[in-house]
Structures are given as C-alpha cells and as structure tokens.
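Please treat every number below as a calculation from the coordinates, not as lab data. Predicted model, so just to flag it, every value in this text is computed and none were measured. Neighbour counts run over all protein chains shown; Cβ positions are idealised from the backbone, glycine included.
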Amino acid sequence: DVKVTQSSRYLVKRTGEKVFLECVQDMDHENMFWYRQDPGLGLRLIYFSYDVKMKEKGDIPEGYSVSREKKERFSLILESASTSQTSMYLCASSSTRYGELFFGEGSRLTVL
Amino acid sequence: GIQVEQSPPDLILQEGANSTLRCNFSDSVNNLQWFHQNPWGQLINLFYIPSGTKQNGRLSATTVATERYSLLYISSSQTTDSGVYFCAVNPFTDKLIFGTGTRLQVFP
C-alpha cells in the first residue's frame, strides 16, 4: 500500500514563526503536492513538484515556499506564519502526472 | 474552467440504507477519483475510475465519461461511512479539480 506520512497531525505556532511541514512518501512517486483545505473554500493547490529540485506554483502560493531535495520528501515552508494560514494542510503523491493521487493524514495548523 | 458539481450536498441515512452520490463535470477529463474524508480529516482513496464500473466491497462506482458524470453507490451503509465524499477530476491539465463534496451522516 502507498503510504504518505506527514510529520505532525496538529501544530500550534505564533505569528511570525517559521513553520516547516514535512511529507514523506514510500512508493517512489515522481509527483508530490501540497494542498490546504478551508471550510467553504474546498481544497486549494499551493505547490507541486514533478521531480527532485523542481517545483511549480499552484493556485495559492503566496506566503509559502517548498523544498524537494530528495524524491521521497516534499516540505512546505511558511517563512513568517500569519493567522490567515491557519488551516488543514494535506500532502499527496502520484506515480504519474495524471495518475491516482494518494493523500497523507493531514496537518492541522493553528497560528495564534 | 471546468465545473465539478456533486449532489446531494448533504445526506442523512440510517444504518443499513443504500445511497447514490453523483458527480457532474462540465468538460472532458483525463481521470476521475472518488475520496472519502473521514472525521479526522484524512482523504482516503475509494476509486480511480476515468470510465467504466468498479466495485470494492459495499462500494461501487460508475463513470460515464461521454455524458460527463460519475456515480458512487454505497450499500448497507454503516456509521463508519460517515464523512465527506469528494470526486476530483483532471481536465487534461496538471491540476486536479475537486468537487464541492457530499456530507454523509449515518446514524445507528
């Protein structure tokens, strides 16, 4: 079975802090994605990556950056967290560009 | 851009009942997936079904790509089926487009 693991299920951070959300997949997938999910707004794509060291902006990249130094790991970085970034963050991976998507358990971030 | 609409938006069932969830999309798509988001927030894959019919236990799905819709059938529902069901489509671009979801509550 495909396993996508997110480092933290629940985080509480203060405004201005630098936040790292880590995601690891164990199926050698080329493609990895970060989404955020908010009530009434659905799932929105933040960033995605089709290969190591490659990244592409999604629909809402502002305030975020990403890092993909190894194929299995895709990190989402909030350089200076703000209260508007309080949300559920979901990482996903797929073997092909339009292939089946597998999600991690999610990380619920609260910024105070 | 492509529109993905799910119906009904909310569904309340008693344990043991059957249900059908629908996903309509406004343009041709490369693939379609059904997910179940459990009460803890995790999105769990149910079906990857660009066309045709698939079954997995009490759940089955049918996608009629030419008519731009997909159906998810849940038979003999259980309380553990509660949560939100999403369909998501890829309209030949890089980005998966998610539907608005159907919130299912199953009571004992």
- Could you give the dipole magnitude of segment B:4-107 about its Cα centre, charging the beta-carbon of Lys and Arg +1 and that of Asp and Glu -1, in debye to the nearest 20? 120 debye
- Choice from B:Arg68, B:Arg58, B:Arg22 showing the highest fluctuation, given a GNM over chain B with Cα pairs closer than 10 Å: B:Arg58
- Task: With 32 Å as the limit, write out which pairs from A:Lys18/B:Lys95; A:Lys13/A:Lys70; A:Lys13/B:Lys54 have Cα-Cα distances beyond it, or answer none.
- Result: A:Lys13/B:Lys54
- Message: Using alpha carbons only, how many angstrom separate the centre of segment B:7-79 from the centre of segment A:1-46?
- Response: 24 Å
- Message: How big is the dipole moment of the protein assembly as shown about its Cα centre under a simple scheme where the beta carbon of each Lys and Arg is +1, that of each Asp and Glu is -1, and everything else is neutral? Debye, nearest 20, please.
- Response: 300 debye
- Query: Given 0.36 nm per residue, what is the gain on full extension from A:Glu30 to A:Thr110 after removing their alpha carbon distance, in nm?
  - Reply: 25.8 nm
- Message: Loop-only chymotrypsin sites (Phe, Trp or Tyr not before Pro) in segment A:1-56, please: DSSP not H, G, I, E or B, and at most 16 other Cβ atoms within 10 Å.
- Response: A:Tyr50
- Task: Given the options A:Leu76, A:Leu11, A:Leu41, state which has the largest fluctuation in a GNM of chain A using a 10 Å cut-off (strictly under) for Cα springs.
- Result: A:Leu41
- Message: Could you tell me which residue out of B:Ser60, B:Ile2, A:Gln25 lies farthest along the dipole of the protein assembly as shown toward its positive end? Charges go on the beta carbon: Lys and Arg +1, Asp and Glu -1, centred on the Cα centre.
- Response: A:Gln25
- Query: Size of the dipole of chain A about the Cα centre, Lys and Arg at +1 and Asp and Glu at -1 on the beta carbon, nothing else charged, in debye to 20?
  - Reply: 320 debye
